[in-house]
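Structure record follows, encoded as structure tokens.
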Amino acid sequence: MTDDLAFNHLLLYSMLFAGYISIPVVVTCSAELEYGFRYQALGFIAFAGVQYWGMKRLYRTNSQGDGRDFFLRWAALSLPVGVQVLIISVVLGAVYGAVVGASAIGWASGFPAYVWEVTGILYGALIQVIYYRLMQTDLTICSSGPQQAASD
């Protein structure tokens with residue numbers, strides 16, 4: 001198996017399953033979830049799109065450097081970058097939670113339900129974008145060798 005084929009398998013996997021396993025399937029007959037499928041489909045498209053953009057960007061970044069060890073670098077950087085993203089998402093999640101909590105008190109209770117659904121999808125996509133931007137920064141250093149890392 002070539003690296004390009006392995007990357008394409010990883011790309012498809014991440015698009016399908018790394019977006020919170022958010023494959024659009026409605027399993028209820030409730031009238032209040034009339035638009036549930038649409039929100040799930042929108043979330044799936046958003047998360048799969050960010051996965052596609054991010055993974056292609058990481059692979060291109062590594063290829064523009066020395067082009068070696070993409071999978072090893074990706075695996076090695078996933079934990080430290082994941083911890084950074086966890087901290088960022090806790091802070092941003094607290095802000096988002098405060099806004100949603102404040103809406104329950106009343107100042108934004110007039111917002112339609114779709115506002116919260118869409119902002120939740122956008123929040124998830126933002127966290128993914130942050131992950132890929134941080135990964136790209138670190139992968140650039142790894143794939144450019146010691147001379148690039150020293151000049152940064």
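The values are calculated or read from the model by the stated rules, or taken from the named source; none is laboratory data. On a predicted model such as this, the values are computed, not experimentally measured, just so you know. As a convention, Cβ positions derive from the backbone with ideal geometry for all residues, glycine included, and neighbour counts pool all protein chains shown. We work out accessible area using only protein heavy atoms, side chains counted, and drop any ligands, DNA or RNA first. Shrake-Rupley method; radii C 1.70, N 1.55, O 1.52, S 1.80 Å.
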Practice task
Can you confirm whether the stretch 34-48 contains a residue that is assigned to a helix (DSSP H, G or I), under 17 Å from Ile141 (Cβ atoms) and out of contact with any strand residue (DSSP E or B) (no Cβ under 6 Å at 6 or more places or on another chain)?
Solution key: no
Completion exercise
Here the qualifying pairs (Cβ atoms under 8 Å; residues six or more apart or on different chains; first in the stretch 74-95 and touching a residue at least 24 places away in the same chain (Cβ under 8 Å); second open to solvent by 60 Å² or more (accessible area, probe 1.4 Å) and in a helix (DSSP H, G or I)) come out as Leu92/Leu126
Problem - Residue match in the stretch 85-92 (condition: at pLDDT 90 or above, part of a helix (DSSP H, G or I) and more than 18 Å from the chain's Cα centre (by Cα)) - result: no
Practice task
May I ask you to list the residues in the stretch 19-61 that are at pLDDT 80 or above and in contact with a Pro (Cβ under 8 Å, 6 or more places away or on another chain)?
Solution key: Gln40, Ala41, Gly43, Phe44
Fill in the blank from the handout: Out of (1) polar (S, T, N, Q); (2) more than 16 Å from the chain's Cα centre (by Cα); (3) at pLDDT below 90, the one Gln64 does not meet is (3)
